[in-house]
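One structure below.
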Amino acid sequence: MDLKYAALISVLSLSLSCSSKADDTPKKEEQQIETVKYDLIVAQDGSGNFKTIQEAVNAVPSGKTKPFTIYIKNGIYKEIVTVPSSKTFVSFKGENVEKTIITYDNYAKRLNSEGKEYGTSGSASVFINGNNFTAERSTIENTSGIDAGQALAINIGAPKSAFKNCKFLGFQDTFYAGNGTLQYVTDSYIGGTVDFIFGGSTAFFENCILHSFRDGYLTAASTPQEQKYGYIFQKCKITATSDLRKASVYLGRPWRPYANVVFVECEMGGHIRPEGWHNWGNIDNEKTARYAEYASKGEGYQAGKRVSWSKQLTAEEAKLYSKQNVLGSWNPF
């Protein structure tokens with residue numbers, strides 16, 4: 001049976017079964033209409049097309065030019081998932097962000113089957129290389145532990161990728177995206193300790209939560225000198241565990257000299273250090289790093305105490321960092 005047809009039949013059967021047990025409201029009708037758009041279903045109990053996410057990715061036709069959607073039922077999927085560059089326009093839609101979990105526990109110093117270290121970039125639970133990837137209602141995590149060192153939840157090499165209502169959980173180096181990539185992350189949660197958003201990508205984070213589990217640094221950007229934008233955080237909440245001491249977390253430090261990070265109208269908890277930014281022990285970074293803020297609030301936003309080599313933007317300057325300017329005509333959701 002054709003995989004897509006099988007997926008539609010499976011979801012329709014599930015929807016009809018559910019609707020027979022409850023009132024037939026307009027909301028349920030809308031949900032039923034949406035479910036028939038899924039191309040493949042992953043379910044650990046065998047009720048879908050595949051039991052693992054990687055099997056479903058492998059079944060996606062190469063070179064798609066329109067979204068190919070994989071519906072992932074609730075479950076803890078302990079597997080390394082790779083979306084290769086040949087699999088374009090792949091879309092993950094989890095059943096529930098809290099219960100649809102992709103997880104693994106590799107870390108940089110861990111030895112692989114060949115006796116070699118995975119290394120930082122190789123330690124991820126999920127690798128996204130296929131262009132125009134999107135994910136919704138999914139948790140991606142690395143459970144190697146708070147003292148494991150560098151251990152990625154996700155490694156993004158795709159030219160464009162987008163995430164909505166997702167969670168990224170790890171400790172050091174949770175979310176990594178390389179040079180020349182573009183991300184849009186909205187209504188999502190990213191948790192970690194040290195440099196847990198890092199790399200040379202252009203990334204627009206909107207209405208997200210950045211949560212620190214321990215003292216450290218939120219970002220470690222390595223923005224190329226010629227790249228106009230790095231990380232833009234707009235209307236995000238900067239939070240921490242309740243027992244984390246005040247003034248113990250930096251907004252960022254430059255992994256490379258021209259790191260570019262901007263916070264616009266964010267809410268910052270008291271765990272953010274008054275000086276805000278760190279030079280990574282190299283005073284020369286202060287001449288090149290591009291760190292800026294605009295109109296944030298909260299105990300952690302102390303504009304007058306920030307390091308002198310960071311910038312407080314004017315209202316006019318802040319407009320340059322709008323979603324439209326950063327993403328252009330790209331609208332993934």
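Against the criterion of solvent-accessible heavy-atom surface with a 1.4 angstrom probe, ASP243, ASP215 sort, most first, into ASP243, ASP215.
With q set to 0.10, 0.14, 0.17, 0.18 Å⁻¹, the log10 of I(q)/I(0) for region 93-193, from the Debye formula over equal scatterers at the Cα positions, is -0.25, -0.49, -0.72, -0.80.
Quick one: work out Rg over Rh on the C-alpha atoms of the chain, Rh as Kirkwood radius.
1.00
Using the Karplus relation 6.51 cos²θ - 1.76 cosθ + 1.60 with θ = phi - 60°, the per-residue 3J(HN,Hα) values for region 226-233 come to 7, 7, 5, 10, x, 9, 10, 10 Hz, with x marking Gly and Pro.
You can think of it this way: the chain between ALA315 and GLU117 has 66.5 nm of extra reach, that is 0.36 nm per residue less the Cα-Cα gap. Between GLN54 and LYS305, the simple label model (points 7 Å from Cα in the Cβ direction) yields a spacing of 4.8 nm.
The figure for TYR38 is an accessible area of roughly 10 square angstrom, using a 1.4 Å probe on the protein chains alone. Farthest toward the positive end of the dipole of the chain, out of TYR301, GLY178, ASN260, is the Cα of ASN260, where the dipole comes from beta carbon charges about the Cα centre. Packing here is the average count of other Cβ atoms within 10 Å per residue, and on that basis the peptides 275-281, 197-203, highest first, run 197-203, 275-281.
Pairs from the list LYS228/LYS287; LYS164/LYS246; LYS37/LYS319; LYS237/LYS311; LYS237/LYS323; LYS160/LYS311 with a Cα-Cα gap above 25 Å: LYS164/LYS246; LYS37/LYS319; LYS160/LYS311. Among 61-74, 80-93, the peptide with the highest mean count of other Cβ atoms within 10 Å heads the list, and the full ranking is 80-93, 61-74.
A probe of 1.4 angstrom, applied to the heavy atoms of all protein chains, finds GLU95 with accessible area near 80 square angstrom. Note on region 68-117: lysine pairs with Cα distance below 22 Å, sequence gap of 8 or more or different chains, count 8. Over every Cα atom in region 213-274, the radius of gyration and the widest Cα-Cα span, Dmax, amount to 12.5, 40 Å. Across all Cα atoms of region 227-319, the radius of gyration (one decimal) and Dmax (whole number) stand at 12.7, 38 Å. Packing, taken as the mean count of other beta carbons within 10 Å per residue, orders the peptides 228-237, 305-314 from highest to lowest as 228-237, 305-314.
Quantify, in whole percent, the carbon and sulfur part of the accessible surface of the chain (1.4 Å probe; protein heavy atoms only). Summing carbon and sulfur atoms, their accessible area is 49 percent of the total for the chain. Based on protein heavy atoms only, the chain ends up with 45 Å² per residue of surface accessible to a 1.4 Å probe. Taking the Cα centre of the chain as reference, the dipole from Cβ charges on Lys and Arg (+1) and Asp and Glu (-1) amounts to some 360 debye. Positive contributions from Lys and Arg (+1) and negative ones from Asp and Glu (-1), summed over other residues with Cβ under 13 Å from the Cβ of ALA124, come out at -3.
With a simple spin-label model that places each label point 7 Å from the Cα along the Cα-to-Cβ direction, the separation between LYS78 and SER329 comes to 4.7 nm.
The values are calculated or read from the model by the stated rules, or taken from the named source; none is laboratory data. Model, not experiment: these values are computed from the prediction. Positions of Cβ are backbone-derived with ideal geometry, glycine not excepted, and every protein chain shown enters the neighbour counts. Areas reflect the complete protein model, heavy atoms only, side chains present, ligands, DNA and RNA absent. Shrake-Rupley method; radii C 1.70, N 1.55, O 1.52, S 1.80 Å.
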